[in-house]
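Every read-out reported here was derived from the displayed coordinates using simple, explicitly stated rules and does not represent laboratory data. Nothing here was measured: the structure is a model prediction, and the numbers come from that model. Here the Cβ positions follow ideal geometry from the backbone for every residue, glycine too, while neighbour counts run over all protein chains shown.
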């Protein structure tokens with residue numbers, strides 16, 4: 001469905017991060033090379049085994065909508081892999097949070113500088129609602145948001161599609177759902193969280209998605225009104 005948005009009615013623009021602000025496929029390519037290098041150097045499959053197990057459990061826990069998901073996730077991964085919980089947490093932090101920061105700027109989608117500048121020029125509030133820690137990623141992407149909420153925050157503690165994080169972000173920003181738009185890349189996570197929070201979803205996808213407002217690039221026509229408004233203010 002081609003996206004049609006009345007941007008003049010939008011006060012808060014919320015972004016997901018992974019797959020929305022940067023190309024996750026490109027990132028996985030970079031990280032696969034790192035993981036393979038580790039396997040060749042150490043002769044151990046521990047890293048890929050832990051990461052694979054962690055990701056599978058994370059998807060399942062998101063579907064189950066479990067509170068305090070992080071402790072449950074680490075416990076399940078440790079039990080399945082036979083590793084100490086501290087070891088699992090350390091590996092996840094290194095391989096899923098720290099190492100990707102070296103590549104994330106290379107994977108950033110085009111036109112995001114212009115997009116964020118347009119939004120700020122029009123006094124739109126920029127928010128980030130992510131299932132993963134986002135502060136360091138935003139810094140590495142050289143992007144700035146007014147409000148950042150993640151699933152691991154103490155007052156959230158639950159993954160999308162549960163709308164708690166998005167609701168908390170709107171509350172902090174002081175903006176109602178009908179004045180908010182949530183830009184994400186997964187209909188079953190970002191899209192459903194938006195709908196459950198009564199927020200308009202906009203999904204980044206290379207394919208047209210039946211029943212969903214979508215776009216493929218940040219230079220697409222859906223954003224033209226913002227560009228035109230920026231030109232008028234120049």
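Points worth noting:
- Modelled FRET efficiency - R0 22 Å, residue 153 with residue 94, Cβ distances, 0.05 increments: 0.55
- Residue exposure proxy: 72, 128, ordered by other Cβ atoms within 10 angstrom of their Cβ from fewest to most, comes out as 72, 128.
- Per-selection metrics, segment 89-144 (Cα): Rg and Dmax in Å: 13.2, 42
- For segment 24-71, the convex hull drawn through the C-alpha positions has a volume of 78 cubic angstrom per residue.
- Degrees, to the nearest 10: 224-233 long Cα axis against longest axis of the chain: 60
- Degrees separating the helix 164-173 axis from the principal Cα axis of the chain, which is the longest one: 50
- For segment 141-159, the residues whose backbone nitrogen is under 14 Å from a point 7 Å from the Cα of residue 68, taken along Cα to Cβ, are 154-158.
- Subtracting the Cα-Cα distance of residue 84 and residue 105 from their residue separation scaled by 0.36 nm leaves 4.3 nm.
- Helix 46-64 vs. the chain, principal-axis angle (Cα, 0 to 90°, nearest 10): 50
- When 52, 214 are arranged by Cβ crowding within 10 Å, least crowded first, meaning fewest neighbours, the order is 52, 214.
- Antiparallel DSSP beta bridges within the chain, as percent of all bridges there, nearest 5: 5
- Ordered by the count of other Cβ atoms within 10 Å of each Cβ, fewest first, 53, 129 give 53, 129.
- The chain, relative contact order in percent, only Cα pairs under 8 angstrom and at least six apart counted: 28
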